[in-house]
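Asker: Just dropping this structure here.
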Amino acid sequence: MIKAEPKTILYFLWNYFDVVKDLFDIQADEGIIKKEMFAEVLKKHDKDIKQQLIEYKILKSQKDDYELRDVYYKMLEFVLFEFRPMLPEEIAKFGMAIGELFKRIRGKSEGNKEILLERIRALSTQIREFSDAVEKNSIRLLNETRDLKANAAKVDYREKIQRASFWIHYYIIPLNTILDVNHKESVSNRLLEISEYANQMRLNSTEEEIRQSFERLYFMLRQTNDDLLRQSKILTHELLPLIERIRTESIILTGFIKLLKNPYKITPPRLTSSNKKNPVSDKIYLSTKEYFEQFSYMSETFIDQYSEDMDKWLFKKEVYKKKLVSQLPVENFFGWCMEQFNEDPAGLTNEKVFAVTSLLFDQDFDVSYSEKSKAFKVTTRTAKLNVPLLKISQHGIPGKAQVNS
């Protein structure tokens with residue numbers, strides 16, 4: 001139990017922040033605060049606050065050494081925006097906890113309402129922690145990569161290649177798999193399944209308190225999905241291309257520097273080429289000459305002013321509609337079309353067939369077709385058409401089709 005007031009602890013952290021930050025940096029680098037390093041930090045700042053750090057439970061002993069308690073370490077990590085990149089295995093553990101809680105929730109928690117509500121709250125906590133862990137990893141990886149790209153620390157090219165390959169192999173690709181919603185075993189895929197279940201329960205549950213809990217879970221999952229999608233885009237569209245570019249550039253520069261150190265060991269490739277390339281074909285002159293020569297020799301043209309006059313056929317829709325109405329029902333529409341032009345001296349043409357076919361779209365007629373019937377052949381002056389066997393009948397009461405005169 002902490003005897004000090006919360007305000008006292010917060011004031012202490014504010015007043016001795018530089019000391020606490022140095023301890024945080026040591027633990028971030030070493031994993032633990034050695035007693036010798038702890039003594040050096042206190043001496044550096046000329047502060048004797050060991051007793052308060054222990055009493056306020058900011059530090060805890062590890063044999064002869066010390067470490068910041070997890071709650072303070074995470075708080076400093078957050079406010080300083082200095083996150084340790086978590087291995088994908090560490091992030092994947094959230095998937096196991098989320099999966100186990102979801103399994104028990106679907107089991108209705110043995111009919112106990114309070115247990116069910118508590119498991120929904122625990123599931124929400126695990127999902128939030130998972131989302132935070134992914135965001136922290138993305139931020140840290142992006143910062144590390146940008147620092148490596150800028151190379152402010154003057155890192156050797158070979159080391160840059162090794163670091164870039166390390167980030168890709170151990171962090172970026174595995175993390176991207178965790179966020180891949182299409183991957184059956186990914187945490188994102190599991191969250192999608194939970195979201196669908198929560199949506200069903202918030203709509204179907206009869207218990208108001210349970211319904212509200214599932215509704216909060218559902219809307220939290222929608223926001224989490226947006227956040228994870230954003231982090232996935234950072235990985236695939238920004239981080240991975242950037243780190244691949246670092247690796248590629250470093251490989252090229254490393255090889256070039258090696259060549260410059262000993263240029264006589266191997267025959268260097270030609271850096272410039274004297275080959276002349278012509279933007280146009282070497283046959284452009286002859287092709288152009290041939291094109292214009294075709295207009296030099298004009299053949300004689302004759303215009304025949306006397307052409308045979310042909311009567312233009314006009315489709316009178318109302319005339320043919322009256323004929324069709326008078327013969328309803330018609331078992332074979334295209335057979336009926338051929339009969340209309342049997343006595344026409346001009347014969348049946350494609351134009352006439354297509355014109356009369358427009359009657360099929362008239363609202364007064366009902367058109368039916370049997371898939372079992374064979375195709376019907378219509379022979380015109382210039383073509384043979386395979387058409388379906390269509391039956392035409394009349395909508396409504398027989399004999400009542402309207403024909404505009």
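Asker: Show which aspartates and glutamates lie in cross-link reach of residue 233 when reach means a straight Cα distance below 19 angstrom and same-chain residues fewer than eight apart are skipped.
Answerer: 132, 135, 144, 180, 244
Asker: Over all alpha-carbon pairs in the stretch 88-261, figure out the percentage whose distance exceeds 20 Å. Don't jump to the answer; show the numbers that get you there.
Answerer: Values: 8753 of 15051 pairs.
Pairs farther apart than 20 Å: 58 percent.
Asker: Give the lysines whose C-alpha is closer than 27 Å to that of residue 47, dropping any in the same chain fewer than 8 places away, or say none.
Answerer: Partners within reach: 3, 7, 21, 34, 35, 57, 60, 63, 74.
Asker: Hey, can you grab everything whose amide H is under 5 Å from the amide H of residue 390? Only 5+ residues off in sequence or another chain; H modelled, so Pro and N-termini drop out.
Answerer: 333, 334
Asker: Could you derive backbone 3J(HN,Hα) for the stretch 8-17 from the dihedral phi with the Karplus parameters 6.51, -1.76 and 1.60 (θ = phi - 60°), listing whole Hz in sequence and x where the residue is Gly or Pro?
Answerer: Residue by residue, the stretch 8-17 yields 5, 5, 5, 5, 4, 4, 5, 6, 10, 4 Hz.
Asker: If I take R0 = 60 Å and measure r between the Cβ atoms of residue 139 and residue 361 in this structure, what FRET efficiency does the formula 1/(1 + (r/R0)^6) give, to the nearest 0.05? It would help to have the intermediate numbers written out before the result.
Answerer: Numbers: r = 64 Å, r/R0 = 1.06.
Efficiency, rounded to the nearest 0.05: 0.40.
Asker: Return the sequence-ordered ³J(HN,Hα) values of the stretch 135-146 in whole Hz as given by the Karplus equation 6.51 cos²θ - 1.76 cosθ + 1.60 applied to θ = phi - 60°, using x for Gly and Pro.
Answerer: 5, 4, 4, 4, 5, 5, 5, 5, 5, 4, 5, 5
Asker: Using only the Cα atoms of the stretch 6-79, what do you get for the radius of gyration and for Dmax, in Å?
Answerer: 11.2, 31
Asker: For the stretch 183-221 and the stretch 118-175, write down the distance between their C-alpha centroids in whole Å.
Answerer: 29 Å
Asker: What does the C-alpha gyration tensor say about the overall shape of the stretch 341-388? Classify as rounded when a/c is under 1.5, otherwise prolate if a/b is larger than b/c, or oblate.
Answerer: Working: a/c = 2.63, a/b = 1.36, b/c = 1.93.
The shape class here is oblate.
Asker: Could you name the lysines whose alpha carbon sits less than 18 Å from that of residue 312, not counting residues in the same chain fewer than 8 places away?
Answerer: Straight-line reach from residue 312, under 18 Å: 352.
Asker: Same structure again: The stretch 1-152: Rg/Rh from Cα coordinates, Kirkwood Rh? Don't skip to the end; give the middle numbers.
Answerer: Details: Rg = 19.7 Å, Rh = 18.3 Å.
Result for the stretch 1-152 is an Rg/Rh of 1.07.
Asker: Something else: Hey, with R₀ at 51 Å, roughly what FRET efficiency would residue 103 and residue 354 work out to, going by the Cβ-Cβ distance, to 0.05? Don't skip to the answer; put the middle values down first.
Answerer: On the way: r = 66 Å, r/R0 = 1.29.
My answer for the efficiency is 0.20.
Asker: Using a simple spin-label model with points 7 Å from Cα along the Cα→Cβ vector, what separation in nm is obtained for residue 293 and residue 7?
Answerer: Those two pseudo-labels are separated by 10.5 nm.
Asker: Something else: Determine, for 76, 23, 203, the number of other Cβ atoms within 10 Å of each Cβ, and report the residues in order from fewest to most.
Answerer: Working: 76 20, 23 25, 203 11.
So the residues, fewest neighbours to most, are 203, 76, 23.
Read-outs throughout are calculated quantities, based only on the coordinates presented, and are distinct from any laboratory measurement. Predicted model, so just to flag it, every value in this text is computed and none were measured. Neighbour counts are summed over all protein chains in view; Cβ atoms, including those assigned to glycine, are modelled from backbone coordinates with ideal geometry.
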